[in-house]
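**Q** Have a look at the structure that comes next, please.
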Amino acid sequence: MDKIAVMDFGGQYAHLIADRVRRLGVYSEIISSDSSLQDLSRYKGIIISGGPASVNDPSSPQLDSRIYELKIPILGICYGHQYTMKSLGGRVAKGKIGEYGLTEFTVTKNIGIFKKLEKKSYKVYASHFDTVESVSEGFEITGETKDDKMSATANERRKIYTVQFHPEVTHTECGQQILDAFIDITGATRDWSIDKFIEREIASINEKVGNKKVFMLVSGGVDSTVAYALLAKALGEDRIYAMYVDTGFMRKDETAHIKVSLASIGIKSLHTEMAGDDFFTALKGIYDPEQKRKIIGDKFLEIQRAVAKKLNLNPSEWLLGQGTIYPDTIESGGTRNADKIKTHHNRVPEIEEMIRQGKIIEPIKELYKDEVRMVGKRLGLPEEMVNRHPFPGPGLAVRCLCAEGADELTEEEKKKITYHGPMGGRYIGQTLPIKSVGVQGDERTYRHPTVLIAAKPQKHSWEELRLIAPTITNINPRLNRVLLKIAFQGDKEEINSVSVTPAYLTPDRIKTLQAADSLVMSAIKDEKEVWQCPTVLIPLSVNVEGEESIVLRPVSSQEAMTANFTELSWDKVRKLAKDIMKIPGISAVFYDITNKPPATIEWE
Ligand code: XMP
């Protein structure tokens, strides 16, 4: 099968490029920048992607320059554009003006990757400070922007093309056509499709499983259900043992609902393990998010082993099945240049070891969420099941923040800051003494949020908040989230006191969270824009002592690698907050108005 390689420089873009290439029908793989020439020669085309480093920095990632002699078509994007120019004799320097965001690109020569472009000018997304100042020998300039006269180049003879902007980003108008033209140039056959994936995966499952059987952990979520359905199609249901673990961190009434829906797709003998007590005991006194995630991942495995032992299953005859998808691997730091953002429950060290030993089968581990859904539909799973909101393996445990006490804030951090919106809105920002996980500059962060409170009686405008929120995290990188105050007890408009109530994971707190989550889920059930909506319990008590707060986190996304906060109607938000404030022990309701990046979707 023909493949295109996407070389990863640690930027957030490689996975997006790989995804776009597949949508255009060609199998793509992300490879590391130190891949050998022999490895590289297996591909029909190579895309050198963007990355955060400067090519002039001696510690920036390097690659074997003989890559340009392989006679394989190459597309250099952003860092790849600059790297290619520099390696082949051109010059790259810090530009007088950087380009961050949308800019107007003009095609000056309609050749190579620009062959399919019909217009002269396009809006493109760029993000760079360094600029190419002279192009390499044999290359011609094929496009420019106002501030970058060498923003695209081509060497038709050697089939090497470069662009400064990002064609993989949906905001770049001509992006798909450029990638499409590059694929034509590589001559790769377009035989990646969901049907072909299913066909190949079934063959590969049979080869991998041989005459063994699969012990499959199902959660009722999209990923594990689709993985189960694929395994069942390949092996037959009799060779799969399905187990559902109720961790105690499920949504309200979730287990009953899941049992019915898993039965409806033909899982006849589902083993249900009620393990809530076990999980709560293991997590007693634990506050750190990564520690929580590891304990939960290990516990799943421990329970699976105990059940297998009780059933007298011979470990050498069984593989463990999981519904891992591609972003789980990336976020757990599973690709070479990627930072560990979070340890997903299916990527704890013991599982990694079992993968090395060939004891794990993960039939959809290369897919993104939207592709998983397509596979599910093709396998005939009910729409309701395939379109469910994603729900993380550790469940409400990663939506229930724990703290030993308030986080120390510096004098600087304690200062309140006034933000003026472009439409006349005025907000006071106050840093909160708790932390959540984010992803900034492709790295994991664990930082404070700021909360915005209206400085005067005013109507909120999404248009304005959409502009203010990213500015705050850009100018103050010590923050990774921005919240908007929705409700305080007694309809108060200001914060008189803030304290942190020491708390870890307990059944009572989960019950409080379940109650709030259930109100949120029924309020947003018809909101098509909402891709996922975590409701988060934070041990922050506002204007009273010893209580907690709720954060609403509706997001729109395609594959969870990036996400925007969803703008629900203010009437709906106010009504929902009013209902949540009736739950005993809740002192405030906030709305998370941060995109991913700089925040992640979940708080932990
Ligand atoms: P973040 O919070 O990193 O989440 O933006 C990206 C997506 O992954 C889900 N998620 C998980 N899924 N096991 C899972 O199966 C996990 O441990 C896990 N952690 C996060 C999250 O809900 C979102 O859809």
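The values are calculated or read from the model by the stated rules, or taken from the named source; none is laboratory data. Computed from a predicted model, the values in this text were never measured in an experiment. Positions of Cβ are generated from backbone atoms using ideal geometry, with glycine treated the same way; all protein chains shown enter the neighbour counts.
**Q** Residue check: is N480 touching a Pro at 6+ places or on another chain (Cβ under 6 Å), outside any loop (DSSP other than H, G, I, E, B) and assigned by TED's automatic domain parsing to the domain that holds I428?
**A** It is true that N480 is touching a Pro at 6+ places or on another chain (Cβ under 6 Å), outside any loop (DSSP other than H, G, I, E, B) and assigned by TED's automatic domain parsing to the domain that holds I428.
**Q** Separate question: For A599, indicate whether it is crowded, with 22+ Cβ neighbours inside 10 Å, on the phi > 0 side of the Ramachandran plot and within 16 Å of the ligand (Cβ to nearest atom).
**A** Details: crowded, with 22+ Cβ neighbours inside 10 Å: yes; on the phi > 0 side of the Ramachandran plot: no; within 16 Å of the ligand (Cβ to nearest atom): yes.
Judged against the criteria, A599 is not a match.
**Q** Now, a different point. Which condition from (1) farther than 24 Å from G45 by Cα; (2) assigned to a loop (DSSP other than H, G, I, E, B) is the one that D130 breaks?
**A** With respect to (1) farther than 24 Å from G45 by Cα; (2) assigned to a loop (DSSP other than H, G, I, E, B), D130 is out only on (2).
**Q** State yes or no: is N337 within 14 Å of the ligand (Cβ to nearest atom) and modelled with pLDDT under 95?
**A** Working: within 14 Å of the ligand (Cβ to nearest atom): no; modelled with pLDDT under 95: yes.
No; evaluated as a whole, the condition is false for this residue.
**Q** For region 105-113, does any single residue satisfy the condition of being under 31 Å from the mean Cα position of the chain (by Cα), within 14 Å of P167 (Cα to Cα) and in the same structural domain as G50 (by TED's automatic domain parsing)? Show your work before the answer.
**A** Restricting attention to region 105-113, the residues satisfying the condition of being under 31 Å from the mean Cα position of the chain (by Cα) are 105, 113.
With within 14 Å of P167 (Cα to Cα) added as a condition, the list becomes 105, 113.
Next, only the ones that are in the same structural domain as G50 (by TED's automatic domain parsing) stay: 105, 113.
Yes - at least one qualifying residue is present in region 105-113.
**Q** Let me ask another. Return the residues of region 163-184 that are over 27 Å from the mean Cα position of the chain (by Cα) and either not hydrophobic (A, V, I, L, M, F, W, C) or not assigned by TED's automatic domain parsing to the domain that holds I67 (or both); say none if nothing qualifies. Quick ask: steps written out before the conclusion?
**A** Step one: filter region 163-184 for residues over 27 Å from the mean Cα position of the chain (by Cα), giving 181, 184.
Matches in region 163-184: D184 only.
**Q** Right, G175: within 16 Å of the ligand (Cβ to nearest atom) and either touching a residue at least 24 places away in the same chain (Cβ under 8 Å) or not acidic (D, E) (or both) or not? Reasoning before the result, please.
**A** Details: within 16 Å of the ligand (Cβ to nearest atom): no; either touching a residue at least 24 places away in the same chain (Cβ under 8 Å) or not acidic (D, E) (or both): yes.
Judged against the criteria, G175 is not a match.
**Q** How do the pairs read when you match residues in region 368-392 that are free of Cβ contacts under 8 Å to residues at least 40 places away in the same chain with residues anywhere that are of a type in the set (A, V, I, L, M), using Cβ under 6 Å and keeping only pairs 6 or more apart or on different chains?
**A** Once the first residue is free of Cβ contacts under 8 Å to residues at least 40 places away in the same chain and sits in region 368-392, its partners that are of a type in the set (A, V, I, L, M) give K377/V386.
**Q** Let me ask something else. Whether any residue in region 90-113 is buried (at least 19 other Cβ atoms within 10 Å of the Cβ) and assigned to a helix (DSSP H, G or I) is what I want to check.
**A** Yes, that holds for at least one residue.
**Q** Given (1) more than 22 Å from F249 (Cβ to Cβ); (2) within 16 Å of the ligand (Cβ to nearest atom), where does D288 come up short, assuming only one miss?
**A** With (1) more than 22 Å from F249 (Cβ to Cβ); (2) within 16 Å of the ligand (Cβ to nearest atom) applied to D288, the lone miss is (1).
**Q** In the set R293, R251, which member is within 25 Å of the chain's Cα centre (by Cα), part of a helix (DSSP H, G or I) and either without any contact (Cβ under 8 Å) to a residue 60 or more places away in the chain or crowded, with 16+ Cβ neighbours inside 10 Å (or both)? Write out each step before concluding.
**A** Numbers: R251 fails: part of a helix (DSSP H, G or I).
Result: R293 is the single residue among R293, R251 that is within 25 Å of the chain's Cα centre (by Cα), part of a helix (DSSP H, G or I) and either without any contact (Cβ under 8 Å) to a residue 60 or more places away in the chain or crowded, with 16+ Cβ neighbours inside 10 Å (or both).
**Q** Continuing with this model, one more query. If you check E404 against the conditions, is it touching a Phe, Trp or Tyr at 6+ places or on another chain (Cβ under 6 Å) and at pLDDT 95 or above? Break it down stepwise before answering.
**A** Values: touching a Phe, Trp or Tyr at 6+ places or on another chain (Cβ under 6 Å): yes; at pLDDT 95 or above: yes.
Yes, satisfied.
**Q** Hey, another quick one. Can we say I586 is farther than 26 Å from T324 by Cβ and within 25 Å of the chain's Cα centre (by Cα)?
**A** Working: farther than 26 Å from T324 by Cβ: yes; within 25 Å of the chain's Cα centre (by Cα): no.
Answer is no for this residue.
**Q** List the pairs whose first member sits in region 341-363 and is part of a helix (DSSP H, G or I), whose second member is within 14 Å of the ligand (Cβ to nearest atom) and basic (K, R), and whose Cβ atoms are under 7 Å apart, counting only residues at least 6 apart or on separate chains?
**A** So the pair list comes out as H345/R293.
**Q** Same structure again: Answer yes if at least one residue in region 371-389 is within 12 Å of the ligand (Cβ to nearest atom), more than 24 Å from K252 (Cα to Cα) and not in a loop (DSSP other than H, G, I, E, B), and no otherwise.
**A** Within region 371-389, the subset within 12 Å of the ligand (Cβ to nearest atom) is 372, 388-389.
Of the ones still in play, those that are also more than 24 Å from K252 (Cα to Cα) are 372.
When the remaining residues are screened for being not in a loop (DSSP other than H, G, I, E, B), the result is 372.
Checking region 371-389: at least one residue is within 12 Å of the ligand (Cβ to nearest atom), more than 24 Å from K252 (Cα to Cα) and not in a loop (DSSP other than H, G, I, E, B).
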